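Let me begin by presenting the structure, written as structure tokens, before commenting on it.
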Amino acid sequence: MLSVKESADMLGVTPARVRALIAQKALPAQKVGRSWVIKEEDILDRLSRHPKAGRPVRTTIAASGVLSSSVECNEALHDAYVACRDAFRFRPTFEQLQQASDSEEAAFYVAVADFFLQQRQRNLVAQGAY
């Protein structure tokens, strides 16, 4: 039988995480007095099923309402970046800003255009153009 601290050391997590696993019923344990004890074979079983310590992969709800992994979210963010970079090669015109559905959309256009302008300026400075 192992204490919470000993179990945490074996699993490579904090004692608080071990207690959370116990509370979630993800790790069998028994209460002895005021302390939890865990069978060593349960710790070894958990290690064989979850060999790495650390946080689980974060999931989010996509626009479709379906859970997607952080990898899919990263790809979507990259796609959004590329689309913005291509769309904002030039500053938006006054007419384009007026056609925005609200002031927040117009402010977004200006902020994104400014970001890409600053990136182009940094590249020119790095190349010695200034």
Legend entry - Filtered residue count, the range 14-42, keeping only those that are surrounded by 18 or more Cβ atoms within 10 Å (Cβ to Cβ) and of a type outside the set (Phe, Trp, Tyr): 7
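I'd like the residue in the range 92-130 that is part of a helix (DSSP H, G or I), among the aliphatic types (A, V, I, L, M) and more than 18 Å from residue 80 (Cα to Cα) and, out of all such residues, is least open to solvent (accessible area, probe 1.4 Å).
We begin by selecting, within the range 92-130, every residue part of a helix (DSSP H, G or I); these are 94-98, 103-126.
Still in the running and among the aliphatic types (A, V, I, L, M): 97, 106-107, 110-113, 117, 124-126.
Among the residues that remain, those that are also more than 18 Å from residue 80 (Cα to Cα) are: 97, 124-126.
Details: 97: 48, 124: 69, 125: 89, 126: 89 Å².
Ranking the qualifying residues of the range 92-130, first place goes to 97.
The values are calculated or read from the model by the stated rules, or taken from the named source; none is laboratory data. Since we're looking at a predicted model, the values are computed, not measured. All Cβ positions, glycine included, derive from the backbone under ideal geometry; neighbour counts span all protein chains shown. Please note that ligands, DNA and RNA were not included when accessible areas were found on the heavy atoms of the full protein model with its side chains. Shrake-Rupley method; radii C 1.70, N 1.55, O 1.52, S 1.80 Å.
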